[in-house]
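What follows is one structure encoded as structure tokens, with my remarks underneath.
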């Protein structure tokens, strides 16, 4: 995400005024950590008495705790929900008798940490609204986690104010589609200033919204570079989930997750110190150029969830982008797991034409700060087929390469084209590329690229190439069925 220079202005003021003039909406504002940056737009635009029942900023921790209770962390979802619970409940309790039949009550809250004066630390915020879409209806809710990319606190406050107004306006008026709602959040601010890395919808106003689909749309629409799904398949906040943790990441398409995906992580974990005791293993799936419908992507997320593994969904194909992403969230070690076929992606110069240094620059970025890539072995018969691929042959493997079909080829034994052999050997010799040994023969025999098609054709034997829980889920959900 890159910084832009636009400031919140006319569109934000128009939205605030429109809400002020809508006499059916009436609410409370609670903001902690960056001034009253949202409610000030309603005061400035005029007619705020039609919208603002209450505005509060409880900055002192003891005062804040006395009102909302003590949280584990002050800029957290827990604190945000405490604020929404208190302010919404108090508002409705005090005013429902007088205004309930004609009023859509709402409570808006945010808890924010802007970048401090020394420039150390990343600005971020939890922000949300609880509201009635109709008078006397059950409340609905939207919760967001934002990363604030401006360099100074003043501009972060400006951006937060605009997003807050956008959120309130969208909740009250823009619920026709997930895309329209999400796009409205950053209007007049842009994804370069504010990254929406988590969204959660609940309540009757969002009956047609699916939170997993909404998370994918954040990536597709460019509001974030990646979204995280936890072991149960539910969206999570990456900055909290990865905080100070060492990660082991296996990239794949997971159509569907196969036994080779599982074995790649298992072998890599065994090779880490103490068997990867304190390391978080997870899968990563890039959807930047994935042509399949989002309904299938959600099915793949479900299947990874059936394995109780977290899944990071990203939009950038380049491997070198992954360490930079994780460094935003953790100071722990970063280890990636690749298949032999992924070497073609790593060394293909056509993937790095946008980098001045090409393949060398991509390697410099990829292996920065002790990052390692562990390379899973390949059976000889599969390597033969890979060598026949024109791109693979052009980038990595010599035309004269000969390998026995029944052999198992590791990264330390593979032959590379002269154009990349020196760089490849340097990475091996210095421990940046680490050969994996001890792979499961059954896993290496798996053909994951054709699994979905074989399932679609109802060909026998595919069940042996996926974990049992995944096979059960595929049958019960009738995935890839005719």
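Is it the case that some residue within the stretch 250-268 is in a helix (DSSP H, G or I) and either more than 26 Å from residue 451 (Cα to Cα) or within 17 Å of the chain's Cα centre (by Cα) (or both)? No: the stretch 250-268 contains no residue that is in a helix (DSSP H, G or I) and either more than 26 Å from residue 451 (Cα to Cα) or within 17 Å of the chain's Cα centre (by Cα) (or both). Of the residues 104, 23, 77, 94, the single one that is crowded, with 16+ Cβ neighbours inside 10 Å and within 19 Å of residue 135 (Cβ to Cβ) is 104. Take the conditions under 25 Å from residue 318 (Cβ atoms), surrounded by 20 or more Cβ atoms within 10 Å (Cβ to Cβ), in contact (Cβ under 8 Å) with a residue 60 or more places away in the chain and within 12 Å of the chain's Cα centre (by Cα) and apply them to residue 226. Does it pass? It is true that residue 226 is under 25 Å from residue 318 (Cβ atoms), surrounded by 20 or more Cβ atoms within 10 Å (Cβ to Cβ), in contact (Cβ under 8 Å) with a residue 60 or more places away in the chain and within 12 Å of the chain's Cα centre (by Cα).
Here 121, 100, 128 are screened, and the one residue that is touching a helix residue (DSSP H, G or I) at 6+ places or on another chain (Cβ under 9 Å) and either at pLDDT below 95 or part of a loop (DSSP other than H, G, I, E, B) (or both) is 100.
For every residue, the table says whether it meets (1) surrounded by 21 or more Cβ atoms within 10 Å (Cβ to Cβ); (2) under 30 Å from residue 209 (Cβ atoms).
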site: 231; (1), (2): no, yes
site: 244; (1), (2): no, no
site: 274; (1), (2): no, no
site: 284; (1), (2): yes, yes
site: 290; (1), (2): no, yes
site: 298; (1), (2): no, yes
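Within the stretch 280-293, being more than 15 Å from the chain's Cα centre (by Cα) and more than 18 Å from residue 337 (Cβ to Cβ) holds for 289, 290, 291, 292, 293.
Note on the stretch 249-261: residues that are farther than 13 Å from residue 311 by Cβ and surrounded by fewer than 22 Cβ atoms within 10 Å (Cβ to Cβ) amount to 1.
Considering (1) touching a strand residue (DSSP E or B) at 6+ places or on another chain (Cβ under 9 Å); (2) surrounded by fewer than 22 Cβ atoms within 10 Å (Cβ to Cβ); (3) assigned to a helix (DSSP H, G or I), the lone condition that residue 58 does not fulfil carries the number (3).
Note on the stretch 131-150: among residues that are more than 22 Å from residue 87 (Cα to Cα) and assigned to a loop (DSSP other than H, G, I, E, B), the one that is farthest from the chain's Cα centre (by Cα) is 150. Does any residue of the stretch 136-146 turn out to be in contact (Cβ under 8 Å) with a residue 40 or more places away in the chain, in the same structural domain as residue 20 (by TED's automatic domain parsing) and out of contact with any helix residue (DSSP H, G or I) (no Cβ under 8 Å at 6 or more places or on another chain)? Scanning the stretch 136-146 turns up no residue that is in contact (Cβ under 8 Å) with a residue 40 or more places away in the chain, in the same structural domain as residue 20 (by TED's automatic domain parsing) and out of contact with any helix residue (DSSP H, G or I) (no Cβ under 8 Å at 6 or more places or on another chain). Checking each residue in the stretch 179-222 for being crowded, with 19+ Cβ neighbours inside 10 Å and assigned to a strand (DSSP E or B) picks out 194, 195, 196, 197, 198, 199, 200, 201. Somewhere in the stretch 450-464, is a residue in a loop (DSSP other than H, G, I, E, B) and either outside the structural domain of residue 334 (by TED's automatic domain parsing) or surrounded by 15 or more Cβ atoms within 10 Å (Cβ to Cβ) (or both)? No, there is no match, as no residue in the stretch 450-464 is in a loop (DSSP other than H, G, I, E, B) and either outside the structural domain of residue 334 (by TED's automatic domain parsing) or surrounded by 15 or more Cβ atoms within 10 Å (Cβ to Cβ) (or both). Within the stretch 433-444, does at least one residue satisfy the condition of being without any contact (Cβ under 8 Å) to a residue 24 or more places away in the chain and within 16 Å of residue 341 (Cβ to Cβ)? Scanning the stretch 433-444 turns up no residue that is without any contact (Cβ under 8 Å) to a residue 24 or more places away in the chain and within 16 Å of residue 341 (Cβ to Cβ).
Being free of Cβ contacts under 8 Å to residues at least 24 places away in the same chain and surrounded by fewer than 18 Cβ atoms within 10 Å (Cβ to Cβ) is a property that residue 66 has.
Looking at the stretch 153-161, can you tell me whether even one residue there is surrounded by 17 or more Cβ atoms within 10 Å (Cβ to Cβ) and closer than 26 Å to residue 283 by Cβ? For the stretch 153-161, residues surrounded by 17 or more Cβ atoms within 10 Å (Cβ to Cβ) and closer than 26 Å to residue 283 by Cβ: absent.
The values are calculated or read from the model by the stated rules, or taken from the named source; none is laboratory data. The model shown is predicted, which means the values in this text are computed figures rather than measured ones. Virtual Cβ from ideal backbone geometry, glycine too; neighbours counted across all protein chains shown.
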